[in-house]
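A.B. asks: Could you have a look at this structure, given as structure tokens, before my questions?
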């Protein structure tokens, strides 16, 4: 038996070498970028929230409080990681890990610019959706393993909410995918070189944004971690670095959601004068700013109203949009 | 409201579990402990457990002379401190037959109404924060800062006041106080537009509050509910109109009443009450007479033996002081009838059948101050 | 100044109570001094009768309180109106130290907590009460704080030092 007859051996040989080095460098850059991005976003959220509420936000540490998150991270790292006595120890330890790793993996397929994408995959969009669904598993693990009724209620709400809002998310994305006939993120971006897809699909864009706000558990859909009802929802019992991982994951998910929105509807890295990377980053951060703005403006929905909204309004509208798109594509 | 199956509410079986809301909780206003029995997200029974901040004010009253109980009164309800001060002084003056000069009455009314506005601002905005909108909370506190600054100039305190005395008030108000108050009223009127845009017309807020936590009129009557919780259920009862005291008969103001009895009705009643308070303050400032601010009373008063009940309207409802005197300088018994005590008890009747989220909304809309319950 | 409606209501109440409670003393109160329009003094047999009459006439139970006298307790019930012309009725019930008065919570559910408070402070047990347990003091307390024999009071100690 010759080694050249093993299955996939040509693909493996093809990958080793230049591709492997590119992949390793890309992942290292992502691993540096993700915590920095989360730290920056935490500061942005606190400043934006402060200014909306007529106060300046963090101002003490560093110029305009920019080092605040760094100091908070140091504080969180120095705190004791308490495990409740009757908690399920393995699941309790595993939950924060499972929430952050898929989020980092999703960065592999995001096209930051025409040349900056760690790995081009045929199923780029599917990869992002499937990995971000794993956050639900982590929330359920964290809520159940905490041995705390508040955490359990939060986890149960999270599962129902995430499952319900996945469907309009996928349906609205499908409307874009059938227009470009491809799951590859770079091809979808390239197809928007003349006109952004938001012009063709405004309804799908609105549904997409509402669904991602619900998927990332941000207000007004933040019943899962509603401070005034459930103390802290599923991460009530988490302290120290474990809590920091949940926090990090939330902002990373927000970045992924916003970059999906930028790629699908706002033309990705297209734009005049500046290089693609700068346009992409600008678009993503504008979308994140809108998400933060919505959080501090609206009260939160009650749980049954939230579910009614998803099942009775969003899904029919998304399906209708998809059908009309399909018909129009066939006709035109 | 759902139609719940009749489950014996004392049984904890596989479906029904017990959840402690409080005493440490971000949204029970104060140390309130609500023992909920839940089936999924639906409340089967609710049992408020109070007494975490019981300090024994009524026992303290029996160990002090009449004047020394005055600081206690504003600690009973720290948000309406001036109103409680005024009520206690008026109760004792009623029993002794002391005549208060008119300027003092006007000053008492102005400061009490300012206190009512600041209490409503805090109550409404904390309730809105429980529903999830964090921003109006800070806008309300910004307005409240102005009121507290105005009152601090003349009373010396920001929260727990001890400004009234038997026979009048302690300090006189000056022109700057009047000008500051007028400026504040103009400012607040402009802010109401912002509040209505941000909160009242917000579709999510409307969905969270309409039809939620309804207190029927009969239940309100049986439980002795008073205040905005009662006026939101359709009964036009306000002690300032039904049993007028001080110089309130001379002012033109209305009592806002809503028929629905739900959370939105109580919220609207409170917002409208702030507007009425501003009207009262303006009329009082316009008609402020000159004169002494305190009647001549002996240093230690000796009320005649007997008892007296005096009722007045605080921000939360009808308060009553029942004072019993045996002719000496030390009270024999002082009982404070506080509105939050009865208002909270009504929750055991109206909460079953609602969701947890509605529980929080209803609890916030009733606007209890727990030290008032516990005394 | 009492209005026509008030005077009529007071007359009706006075007649009704005098008929129903022959052993009680019904007097008009001095509103300017005591805040009550009608005073009813009696023993605890007529408590429920008064409560029922008040409920029929749409009075609300403002508060219930107790006062500790050297050889008896005095339970004070205060009723007032929401709807019609304002009127306040005070019912004073003198009971002995060991008596167990009947609860009115079947007529006014709001009395449940008020009577719990009286039990908590004075040790007066109410019969037919749905849920008689302590409300403000700890559940396992063995004292009744507002009794004059408890703690530092005028009956137990001379308090001169507070008079500065």
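A.B. asks: Considering only residues that are closer than 14 Å to residue B:42 by Cα, in a loop (DSSP other than H, G, I, E, B) and more than 11 Å from every other protein chain (Cβ to nearest Cβ), look in the stretch B:342-375 and name the one that is farthest from the chain's Cα centre (by Cα).
C.D. replies: Here the residue is B:353.
A.B. asks: Residues in the stretch B:205-226 that are facing another protein chain (nearest Cβ under 8 Å), over 22 Å from the mean Cα position of the chain (by Cα) and in contact (Cβ under 8 Å) with a residue 24 or more places away in the chain: how many?
C.D. replies: Total satisfying the criteria: 2.
A.B. asks: Does residue A:284 meet the test of being modelled with pLDDT of 85 or more, surrounded by 24 or more Cβ atoms within 10 Å (Cβ to Cβ) and closer than 22 Å to residue A:101 by Cα?
C.D. replies: Yes: the conditions hold for residue A:284.
A.B. asks: Checking the conditions here, which among C:147, C:136, C:132 is more than 8 Å from chain B (Cβ to nearest Cβ), in a loop (DSSP other than H, G, I, E, B) and closer than 30 Å to residue B:217 by Cβ?
C.D. replies: From the options C:147, C:136, C:132, the qualifying one is C:132.
A.B. asks: Just give me the residues in the stretch B:44-65 being assigned to a strand (DSSP E or B), crowded, with 20+ Cβ neighbours inside 10 Å and in contact with a helix residue (DSSP H, G or I) (Cβ under 9 Å, 6 or more places away or on another chain), in sequence order.
C.D. replies: Result: B:46, B:48.
A.B. asks: Let me ask something else about it. Looking only at the stretch B:124-153, count every residue that is surrounded by fewer than 21 Cβ atoms within 10 Å (Cβ to Cβ) and over 30 Å from residue B:201 (Cβ atoms) and tell me the total.
C.D. replies: Total meeting the criteria: 3.
A.B. asks: Mind listing just one residue for me: the one in the stretch B:227-239 that is more than 9 Å from every other protein chain (Cβ to nearest Cβ) and crowded, with 20+ Cβ neighbours inside 10 Å and, of those, farthest from residue B:100 (Cα to Cα)?
C.D. replies: B:233
This table checks each residue for (1) within 12 Å of another protein chain (Cβ to nearest Cβ); (2) on the phi > 0 side of the Ramachandran plot; (3) part of a strand (DSSP E or B); (4) crowded, with 22+ Cβ neighbours inside 10 Å.
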residue	(1), (2), (3), (4)
B:298	no, no, no, no
B:301	no, no, no, no
B:309	yes, no, yes, yes
B:312	yes, no, yes, yes
B:330	yes, no, no, no
B:340	yes, no, no, yes
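Matching residues to (1) touching a residue at least 24 places away in the same chain (Cβ under 8 Å); (2) not in a loop (DSSP other than H, G, I, E, B):
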site	(1), (2)
B:137	no, yes
B:141	no, yes
B:151	yes, yes
B:154	yes, yes
B:159	yes, no
B:172	yes, no
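A.B. asks: Spot the failing condition for residue A:292; the list is (1) within 14 Å of chain B (Cβ to nearest Cβ); (2) assigned to a loop (DSSP other than H, G, I, E, B); (3) surrounded by fewer than 24 Cβ atoms within 10 Å (Cβ to Cβ); (4) in contact with a helix residue (DSSP H, G or I) (Cβ under 6 Å, 6 or more places away or on another chain), and only one is missed.
C.D. replies: (2)
A.B. asks: Take the residues in the stretch A:84-107 that are out of contact with any helix residue (DSSP H, G or I) (no Cβ under 7 Å at 6 or more places or on another chain) and in a helix (DSSP H, G or I), then tell me which one is farthest from residue A:29 (Cα to Cα).
C.D. replies: This residue is A:89.
For (1) surrounded by fewer than 18 Cβ atoms within 10 Å (Cβ to Cβ); (2) assigned by TED's automatic domain parsing to the domain that holds residue B:263; (3) in contact with a strand residue (DSSP E or B) (Cβ under 9 Å, 6 or more places away or on another chain); (4) under 23 Å from residue B:130 (Cα atoms), each residue gets a yes or a no:
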{"residue": "B:163", "(1), (2), (3), (4)": "no, yes, yes, no"}
{"residue": "B:177", "(1), (2), (3), (4)": "no, yes, no, no"}
{"residue": "B:192", "(1), (2), (3), (4)": "yes, yes, no, yes"}
{"residue": "B:200", "(1), (2), (3), (4)": "yes, yes, no, yes"}
{"residue": "B:207", "(1), (2), (3), (4)": "yes, yes, no, yes"}
{"residue": "B:213", "(1), (2), (3), (4)": "no, yes, no, yes"}
{"residue": "B:222", "(1), (2), (3), (4)": "no, yes, yes, no"}
{"residue": "B:225", "(1), (2), (3), (4)": "no, yes, yes, yes"}
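A.B. asks: So, residue B:116, is that one at pLDDT 90 or above and surrounded by fewer than 21 Cβ atoms within 10 Å (Cβ to Cβ) or not?
C.D. replies: Answer is no for this residue.
A.B. asks: Can you name the residue in the stretch C:29-45 that is at pLDDT 80 or above and more than 12 Å from chain B (Cβ to nearest Cβ) and, of all such residues, is surrounded by the fewest Cβ atoms within 10 Å (Cβ to Cβ)?
C.D. replies: C:41
A.B. asks: Restricting to the stretch C:90-101, name every residue that is under 27 Å from residue B:343 (Cβ atoms) and away from chain B (no Cβ under 11 Å).
C.D. replies: Residues satisfying the conditions are C:91, C:93, C:101.
A.B. asks: Can you tell me how many residues in the stretch C:55-72 are buried (at least 17 other Cβ atoms within 10 Å of the Cβ) and within 11 Å of another protein chain (Cβ to nearest Cβ)?
C.D. replies: Qualifying residue count, the stretch C:55-72: 11.
A.B. asks: Do we find a residue being part of a helix (DSSP H, G or I) and without any contact (Cβ under 8 Å) to a residue 12 or more places away in the chain anywhere in the stretch B:66-88?
C.D. replies: Checked against the condition, which is being part of a helix (DSSP H, G or I) and without any contact (Cβ under 8 Å) to a residue 12 or more places away in the chain, the stretch B:66-88 yields at least one hit.
A.B. asks: Taking the options B:353, B:317, name whichever one is crowded, with 23+ Cβ neighbours inside 10 Å and under 26 Å from residue C:116 (Cβ atoms).
C.D. replies: Matching residue, one of B:353, B:317: B:317.
A.B. asks: Grab the helices (runs of 4 or more DSSP H) fully contained in the stretch A:1-82, keeping just those with 1 or more residues being closer than 22 Å to residue A:288 by Cβ and either modelled with pLDDT of 85 or more or out of contact with any helix residue (DSSP H, G or I) (no Cβ under 9 Å at 6 or more places or on another chain) (or both).
C.D. replies: The helices (runs of 4 or more DSSP H) meeting that bar are A:18-52, A:68-77.
The values are calculated or read from the model by the stated rules, or taken from the named source; none is laboratory data. None of these values were measured; they are calculated from a predicted model. Every residue, glycine among them, receives a Cβ derived from its backbone with ideal geometry; neighbour counts consider all protein chains shown.
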